[in-house]
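Worksheet for the structure shown next.
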Amino acid sequence: MSTFFQATLNGVLQGGLFALIAVGFSLVWGVMNVVNLAHGSFVVLGAYVAWELSNHAGIDPFLGMVGSAAALFALGYLIQRGLVNLVVNAPIFITLLLTFGLDLVLVQGMNIVFTGDFQAIRTSYASRGIGLPGGVQVPLGRLLTFAVAVAVTLALVALMGRTRTGLAIMATGMDRGAARLMGIRARHVYALTFGIAAGLAGAAGAMIGTVGTFHPADAARYTLISFVIAVLGGLGNMYGALAGGVVIGLAESWAGQYLSGTWSNAVAFAVLVVVLLVRPTGLIGRAFYEARQEA
Amino acid sequence: MRRGLAIRGLSIAGAITLAATGCGSKGSSGGGSGDVLRLGAPYSNTGALAREGALTKEGYELCRETVNAKGGVPVGGKKLKMEISYSDDTSKPDVAARIVDQLNDKGIKLVLGPYGSPNTAAAAPVVERNGQVMADSSGADNTIFSQGYKRTFAVLSPATEYAASMVKAIDELARPKPKTIAFLSADDGFSKTVTQGGVAEAQRRGFTVIPPEYFPQQTTDVSAALTKIKGKHPDVIIGSVHLVEGIAIIKQANELGVRPKLFGETVAPPTPDFRNTLHGLADGVIGSSQWTPEVKGSDPYFGTAQNYLAAVQAKYGHAAEYHNAEATAACLAFALAAQKAGSTDPNKIRDAMATLDTQSFFGRIHFDQTGQNTFKPMSVVQIKQGKLVTVWPTQAAATKLAWPGATT
Amino acid sequence: MRAAATARRAPGDGTGGGRYTRYGRYGPWAAGAAAVLAAIALQSQLYVGQERVVGSVFMFIVLAQGWNLIGGFAGYASFGQVVFFGLGGYTTAVLMAHARWPYWPALAVSGLVAAAFGALIGTPLLRLRGHYFAIATLGVAEGTREVVNNLTGLTGGGAGITVPTFGARATTAYLGEDGFYLLFLALAALALATAGLVTRSRFGLALRAIHQDEDAAASMGINTTRAKVSAFALSGLLGGLAGSAYTFQLVTVYPENMFDVSITVLMVIMVVIGGSGTLLGPLLGAVALQFISEWLRQSFTEAHTFILGAIIVVVVIVMPEGAVTYLREARRGRGFSPLANIRRYRL
């Protein structure tokens, strides 16, 4: 029984990490209809920022994550303002292509600057485990990461629902023309959205660096995870990434526990396909995004 | 005006086409006409294997510079300078295979292997078909050598030895002798072959073997596999892994309270990244290595293993890793084979490779019928206070195996 | 709804009737035949490594045309298209290695297996629209890779599978680079011909109608399910054939390479960069991207992907609708200035 609890716990915590990686990707897709293939490289870049802060200034990654988020926010804002806004009215594949190019540039840029070596951010506590009765162990770093994922999700919900900026973002996402008529500066709002998403990716990177390892070529994997989780959870709902992340985390963990070989990945993708067939808008996605078709 | 633009566009496209296919780069005919010995190397500069690719290239470059600094390779009365033509295989097997063909276009018949078993497996049939010769520096999977290829020679010990050498070391050195060994394995071909070799050796030596748990290669989450074996309380956990999974095992075992008497892992422990990222947690972990600075033997170009260590330190500012050493050894094998053949003819060099038997800084280099170097033992290393020390085989050991390994 | 604001231009907009009058009915076929002859003539000028590069271009023409059928014409962006490539490749490898089939029947069966798989998964998946379809196909592709990875008895799993090509074990003599060049050329010609026939058929019109407004298409009496599933199966056939030839050429293949999502991404990029929903777009995209990336790879060992990325960014901004549409509009004297498209699509 304790094995089951351990597996469940592992799955939920891993799901939190997935959610943190995917939440920004989901936001950009949901609001701007942009599939950002450079998202994974933002995540890895965020890990490098936190790693540099930790190495050179001795800043703890849970603090350094703020620095990562700020740096990536700035980068994201500039990329949207200077590049993506130029083609944002074109069909969705155009922005996909643009971000694919950006991803190549960023990944190889990191490869040149930081080399392909594997890195990790060192802390004295992140790889400790807290023992619970029944022999279940709670990994501290992953628990903190999960807490960050929940906090970020709640903060995003508050931002979107309670602040003028958030409402402007949502309004622009629903009907840009009408939003502009209301005096919302769409260019700025889009850049802000992309910046926030990149900032969240940066924070996720700092967490990955703390509980695991990273190097430039990981970027593609994080983009793929984000893609899966964003749609599984459902676009347009800020809780979507968290829901999608935990479902995938649990599916992988339970399958890993009770099936032999490496069927766990196959199970995770089977869950994805089945969920989509049963609920085509994702677990908690909203129908009105469905109506907005991509060309 | 517009028509003119279209024509200009077409001509640019045409020019790019010619340039891309490499037209105009008509190579010289022989393998090393003139006073040079020309080698070619696909290596991973970008993609998932970029790190290992960089180390491999360092090894090749060090070989080239060292050989040339000594005047070159003496072949049939002349001293030939060594030249290496590099190309990025982007960590993909089909690109590696394509590069081997392109090297052949340029008349380069001597190929230094790409990094990793999949890329080597893709390059080997092309080498065979083109009448080239390949010195494989890192493709250890035994399946490459069961295809009947006659022109691929691996300087390194085969995959089956990676985990088996650790089992042997534990059997000989760990007292009181442990009873149970659990195997964790990535699911790629190389790692699986490693695991099979380790399981077979452990059963042969009377250990109780807990059946292997597999996880996807390059995963950073191995918690499921660890949770599964935790309840079985193995004395030793041996992981056949790459760096990422290797680090994940140690980190997550600590998080999940999985505490065997000893961790052993392939590939990961000898790399500095493993020690840097894990810090104190890495202490006590043993690993198998293709090469250590304690390896016995020497050769005219690099001297002993200690000399090699110093040369890498001087040139690259870091300690030599076995990825460096196996690359240099592959290149060295070509130099020695060309000298022995007294010719740059690829067929003669192939024959010289097949009968090459020499000592070197890398240990003995000698190939069996299939082209594998089964004559060189692997070494077992252990991390002690952040330093890598050789503990097995005993005649090359710098210190004793710390048993139990884990101090925390 | 923002949908109204989004520029949803019909694929192949402007291809309409004009072409018939300009080139005549047989003009494009003659041009295609001439191109094939030119490619055969080119072969005699190439070294083996160059043949291999050009062969890979042909292969990507097949894949891009396949993707274009479902993604470009019908507007269903499949992000799991590589599953057909992988299935085709593994079918060939298993048939040759275990069942000891010669290559040619294995090639045909590989294409058919992939097409059948397309029809099988297409039936439920094509009920999904937009990105939900994209992600579901991605899930199928990744899941299938894991299945192949775990069926070790049949596929060798992560250890890969080797097609017997040497000595007495070979069931069909290895084709050699000359042979593979011709094989990939034949497949590319087949793909182009298929796309050409589809473009001019009622089937093609049905697909375009589905792209523009599926509900309207259904109400016009088009059996949308059958059209979509047929297009998906046809694209699967092309993918399977390409995967089969690729496997035989490479000899030893692994699941992670045969089901590599980056192959799907390349197909999409090629189609989009050339011109989605057009006949020549995928051809142009495949040729341009493969040649440029190969040239950069050979010329700039360190920074080639960096440069390629920068080029893609610039190309996308200057001609976001793909090269074919761009040139077509240029010929009409509209929007040839690089800034015109920016003016049209910027915020």
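Every number in this text was worked out from the coordinates using simple rules, so none of it is lab data. Model, not experiment: these values are computed from the prediction. We place every Cβ from the backbone using ideal geometry, glycine too, and count neighbours over all the protein chains shown.
Descriptive notes on the structure:
- Acute angle (nearest 10 degrees) that the helix C:130-150 long axis makes with the longest principal axis of chain C, alpha-carbon atoms: 10
- Each principal axis of the Cα atoms in segment B:192-248 has its own extent, and those three values, largest first, are 32, 26, 14 angstrom.
- DSSP beta bridges fully contained in the protein assembly as shown are about 40 percent antiparallel.
- Separation between Cα centres of segment B:63-80 and segment B:183-248, rounded to whole Å: 44
- Anchor B:Lys177: aspartates and glutamates whose Cα lies under 14 Å away (excluding residues fewer than 8 positions away in-chain): B:Asp235
- FRET efficiency for B:Phe375 and C:Leu175, using Cβ-Cβ distance with R0 set to 56 Å, rounded to 0.05: 0.90
- Springs join every pair of Cα atoms under 10 Å in this Gaussian network model of chain C, and among C:Thr252, C:Thr224, C:Thr325 the largest mean-square fluctuation is at C:Thr252.
- Shape summary of segment A:129-215, radius of gyration then Dmax from alpha carbon positions: 18.3, 61 Å.
- Filtered GluC sites (Glu not before Pro), segment B:34-74: DSSP coil and at most 12 other beta carbons within 10 Å: none
- In terms of distances greater than 29 angstrom between alpha carbons, the cross-link table entries B:Lys192/B:Lys228; B:Lys92/B:Lys348; B:Lys70/B:Lys92 yield B:Lys92/B:Lys348; B:Lys70/B:Lys92.
- Computed from the C-beta positions of B:Ala69 and B:Arg175, the FRET efficiency with R₀ = 45 Å rounds to 0.45.
- Listed residues B:Gly189, B:Gly246, B:Gly363, most fluctuating in chain B (Gaussian network, C-alpha, under 10 Å): B:Gly189
- Tilt relative to chain C, helix C:224-250 - C-alpha long axis, 0 to 90 degrees, to 10: 40
- Taking a quarter of the surface of the Cα convex hull of the protein assembly as shown gives a mean projected area of 39.9 nm².
- Alpha-carbon centroids, segment C:189-268 and segment A:35-95: separation in whole Å: 35
- Pairs from B:Lys57/B:Lys79; B:Lys79/B:Lys109; B:Lys150/B:Lys340; B:Lys261/B:Lys376; B:Lys78/B:Lys340 whose Cα-Cα separation, in the structure shown, is over 22 Å: B:Lys57/B:Lys79; B:Lys261/B:Lys376
- The residues A:Met110, A:Met182, C:Met267, when put in order of fewest to most other Cβ atoms within 10 Å, stand as A:Met182, A:Met110, C:Met267.
- Cross-link partners of B:Lys106 among lysines (Cα-Cα below 18 Å; sequence separation of 8 or more within a chain): B:Lys26, B:Lys81
- Compared with the dominant principal axis of the Cα atoms in chain C, helix C:48-67 is inclined by about 60°.
- Note on chain A: Cα-Cα pairs beyond 33 Å make up 21% of the total pair count.
- Comparing Cα centroids, segment C:101-126 and segment A:169-214 end up 42 angstrom apart.
- Shape category assigned to segment C:77-196 from the gyration tensor of Cα positions, a/c cut at 1.5: oblate
- Taking a ≥ b ≥ c as the square roots of the eigenvalues of the Cα gyration tensor, segment C:168-265 is classed as prolate, since a/c reaches at least 1.5 and a/b is larger than b/c.
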